Amino acid sequence: MDGQELEAFAYHTPPEIRGRKGVQHPVVIVGAGPVGLAAAIDLALHGVRCIVLDDNDRVSAGSRAICWAKRTLEIFDRLGVGERMVAKGVTWQVGRVYHRDEELYSFDLLPERGHKMPAFINLQQYYVEHYLVARAAQFPDLIEIRWKNELVGLRQAERSVLLEVDTPDGRYELEALWVLAADGARSAARRALGLEFAGHVFEEKFLIADVRMRADYPSDRRFWFQPTFDPAESVLIHRQPDEIFRIDFQLGWDADTEAERQPARVMERVRHVVGPNVKFELEWCSIYTFQCARLERFVHGRVLFVGDSAHVVSPFGARGGNGGIQDVDNLCWKLALVLQSRAPEALLESYDCERVRACEENIRHSSRTTRFMTPKTPMERQLRDAVLALAREFPFARTLVNSGRLSRPCSLAGLSSIVADEAAVAGSMAPGTACADAPLVRTDGGPTWLLESIGGDFTVLTFAASAAELGRLEGEQRAAGLDLPLRVLVPAATRPGA
């Protein structure tokens, strides 16, 4: 499978069209992109049934989102597709920044070796969706994907949501206790509720081209300000699987969109990058502008917004798709507890609070990147150019160069939903931060990883300096009657049997 050979999924007449009535579904997810499919799998892992609606019958054409960050890969690994993604993707951790024809500096996003998941992989969105669809098929009793089922209406009742769905066989109505809107930046669910984004639209135009070619280019992320080989304001290159390269050109706010999207013009720009003697094929291209914006709230009654339906950012920094998967990771366990009557509905307010915090951080970084890349006044341009000139020689100036602050998980420290750590406990892995992964050795001598050991449930994680302390901790857990898995980390030399 590649961008030109997309598998078509079968449409089946929904049972509601055939006359089934009166069924109230726990969850309906609108949108079968990476975020919607990930949510369906996450809910299934918690034993929650759902229906996924999508107006198409194929995975996404074109590579679209390609950069998947370490934290997102760890979430995908918990969902059962992480290793497959890493095996197919192009792994990278080094970024290089150029000004004209000179390399200013490079950075390493994961200088420490020995991690299970890399800093980033590049993998086309259609592969990610394909893997998620295959994984969802492993839950036939919990996940039903309805292709060619388009949401055309939505209204909230007192204790449920009613959805109107259009299909090749006509329209029908679904009732759900909860709806997850994962239907992207042009969300039909958001439109049905009359909700609008608040934020800023950037007028700068970008050309994105995926080309297939055989080239001995490194997997490093490479970004040029004011390249000498093309009139673009900036150029970004990412290597993908299948000898596909993503090339992103900053055209300027006043570029002629119709002229720039012509294949001959696109291929001319690509030749500027790869050279006149390199053979290539144009796989896919698009011209886009973007906005940095979000809904004021992500929880609206019984409709929960995730991914691009809730927030949109610039593509520089890879914060869009990664942020959406991290939305899912935050939301689904909470929704499962609510559906299982193990937590009040008020728990879902913590999803809104925590992911709005993360969204604001992503928008802040994306907006700063865009302002640096696209100076709007002579003074802004003079400042940007001075920073680039200084960065050639002075390390302090390199911290001011902004070609995209790459996706990292947000810290939730300070929010009311996060319990502060004890003063005696110090370290970067504090409450409200993503748990770091690390290689472990099981008591039977076999290798494992910290995140694998924790799994997707509440777990008591503690550290013991000796076998005696390990016994004491286990005794305290029994005395407290805690119905939680206990994971105790001890130095290898002190583990039982060592």
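Taking each pair of distinct Cα atoms in region 290-337 once, what is the resulting Kirkwood hydrodynamic radius in Å?
One decimal place: 11.4 Å for the Kirkwood radius.
Got the relative contact order for region 1-150 handy, in percent, Cα pairs under 8 Å and 6 or more residues apart?
35
Label points 7 Å out from Cα along the Cβ direction at T448 and A480: separation in nm?
Spacing of the two 7 Å Cα→Cβ label points: 2.0 nm.
Report the local net charge at P439: Lys and Arg +1, Asp and Glu -1, summed over other residues whose C-beta lies under 13 Å from its C-beta.
0
Give a residue-ordered list of calculated ³J(HN,Hα) values for region 307-313 (Karplus: 6.51 cos²θ - 1.76 cosθ + 1.60, θ = phi - 60°; whole Hz; x for Gly, Pro).
x, 5, 5, 9, 7, 9, 9
Just from the alpha-carbon atoms, what are the Rg and Dmax of the chain in angstroms?
Answer for the chain, Rg first and Dmax second: 24.3, 74 Å.
Could you give the semi-axes, largest first, of the ellipsoid that matches region 168-218, computed as the square roots of 5 times the alpha carbon gyration tensor eigenvalues and rounded to whole Å?
37, 21, 12
Helix-only mean residue ellipticity at 222 nm, the chain, DSSP H runs n ≥ 4 weighted -39,500 (n - 2.57), per residue, nearest 500. What is it?
-9000 deg cm²/dmol
At a Förster radius of 22 Å, what calculated FRET efficiency corresponds to the Cβ-Cβ distance of V460 and Q138, to the nearest 0.05?
Computed FRET efficiency for V460 and Q138 comes out at 0.15.
Please list the non-local residues whose amide H lies under 5 Å from the amide H of I145, H modeled 1.01 Å from N, same-chain partners needing a gap of 5 or more.
When sequence neighbours closer than 5 places are left aside, the close amide H contacts are V52.
So if each residue of separation counts as 0.36 nm, and I subtract the Cα-Cα distance between E258 and H200, what length gain in nm does that give?
18.5 nm
Defining a contact as two alpha carbons under 8 Å apart and six or more residues distant in sequence, what relative contact order in percent does the chain show?
15
Any idea how far the Cα center of region 252-271 sits from the one of region 212-243, in Å?
Taking the Cα centre of region 212-243 as reference, the centre of region 252-271 is 16 Å away.
Convex hull over the alpha-carbon atoms of region 1-144: what's its volume per residue in Å³?
Spelled out: Cα convex hull of region 1-144, divided by residues, is 135 Å³.
Please report the net charge: other residues with Cβ closer than 14 Å to the Cβ of A176, K and R +1, D and E -1.
Local net charge: -1.
Counting DSSP beta bridges with both partners in the chain, what percentage is antiparallel, nearest 5?
70
Below 8 Å, C-alpha to C-alpha, sequence gap of six or more: please give me the relative contact order for region 257-330 in percent.
Rounded, it is 22 percent for region 257-330.
What is the calculated FRET efficiency for D385 to R18, with r their C-beta to C-beta distance and R₀ = 45 Å, to the nearest 0.05?
For R0 = 45 Å, the calculated efficiency reads 0.10.
Any read-out appearing in this document is the output of simple, stated calculations on the displayed coordinates, not a laboratory observation. The structure displayed is predicted, hence computed values, not measured ones. Neighbour counts are summed over all protein chains in view; Cβ atoms, including those assigned to glycine, are modelled from backbone coordinates with ideal geometry.
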